[in-house]
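Beneath this line is the structure, given in structure tokens, with notes to follow.
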Amino acid sequence: RAAEEAGAPPSVLQLAWGDALILAGEPAKAQEVFEKALDADPKSVAALLGIASALEAQGKVEEAKVSLERTLKLFPESVGLRERLASVCLKLGQKAEALAHYQAEIQAGHPTVSIRLAVARLALDLDKIELAQSETKKVFDASPRNAEAAYYMARVLEARGSNSLALSEYRHAVTWGNTPLFSLGHGRLLDKLGKQQEALAAFANAVSLPEGRMERGRIFFRTGDVDNALADFEAAAKMSPKD
């Protein structure tokens with residue numbers, strides 16, 4: 001309203017209003033606003049993306065995907081559009097298609113670190129180890145102390161059976177940017193290598209994840225510490241009641 005009183009262009013106001021409605025939890029109204037913006041400017045990529053976002057926020061993910069695919073056909077040169085489509089594919093569980101869209105964004109000349117990391121992550125999930133290694137190396141070239149890249153490189157090395165090198169990369173990951181996920185991977189490899197005490201220390205940083213609780217609980221159970229094992233298993237069950 002303040003922007004309108006200050007003379008901001010109506011088209012800009014429509015788009016900002018639509019974004020605000022999504023954040024306010026009113027995606028259906030946001031969709032109407034974006035559609036009006038598109039009526040005013042049929043070539044507005046921002047309005048088309050807004051419609052897709054509004055559909056996604058309403059839980060209409062398939063419709064959002066169709067909308068984004070249509071937009072990509074109309075405006076194939078739009079930066080970030082394939083990345084946006086890839087994220088929707090991931091919500092639908094379509095990992096191979098998401099990977100293809102991320103790779104297409106790189107080929108279109110937009111090889112950001114975040115996209116390369118997304119490619120590496122999906123490549124690992126799809127057992128494309130060489131692709132994961134290649135993209136991770138490129139991230140290291142741009143960002144030598146990237147914790148997420150170190151985590152993916154550790155997974156690559158572990159998949160290749162190079163456990164000592166993998167352990168080193170896991171240590172880099174937890175040193176440069178520790179997250180529960182990095183600690184989980186680190187702990188699992190330590191446990192596999194028979195380093196139970198070190199594994200327990202790593203899993204202590206992963207207890208916010210049900211998998212972290214389960215892994216630590218298994219060590220406790222194997223070593224006869226039934227009370228602590230039970231506590232971890234019960235905590236994991238509360239986190240994931242359908243597991």
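Some observations on this one:
- Accessible area (Å², per residue) of segment 12-71, counting only protein heavy atoms and a probe of 1.4 Å: 53
- Translational diffusion of the chain was estimated from the Stokes-Einstein equation, with Rh taken as the Kirkwood radius over Cα pairs; at 4 °C and 1.567 mPa s the coefficient is 62 µm²/s.
- Projected-area average for segment 1-72 over all orientations - Cα convex hull basis, square nanometres: 4.5
- For segment 183-192, putting each phi into the Karplus relation 6.51 cos²θ - 1.76 cosθ + 1.60 with θ = phi - 60° gives couplings of 5, 4, x, 4, x, 4, 5, 4, 5, 4 Hz, in residue order, rounded to whole numbers and with x for Gly and Pro.
- The residues of segment 98-243 present an accessible area of 51 Å² per residue when probed at 1.4 Å with all protein chains retained.
- Were the residues from K29 through S162 laid out at 0.36 nm apart, the gain over their Cα-Cα distance would be 42.5 nm.
- When the inverse distances between all different Cα atoms of segment 199-243 are averaged and flipped, the Kirkwood radius reads 10.1 angstrom.
- Within the accessible area of the chain (1.4 Å probe), percent carbon and sulfur: 53
- Whole-angstrom Cα spans of segment 1-124 along principal axes, big to small: 51, 29, 24
The values are calculated or read from the model by the stated rules, or taken from the named source; none is laboratory data. Worth saying up front: this structure is predicted, and the values here are computed from it rather than measured. Just so you know, the surface numbers come from the protein's heavy atoms only, side chains and all, with ligands and any DNA or RNA stripped out. Shrake-Rupley method; radii C 1.70, N 1.55, O 1.52, S 1.80 Å.
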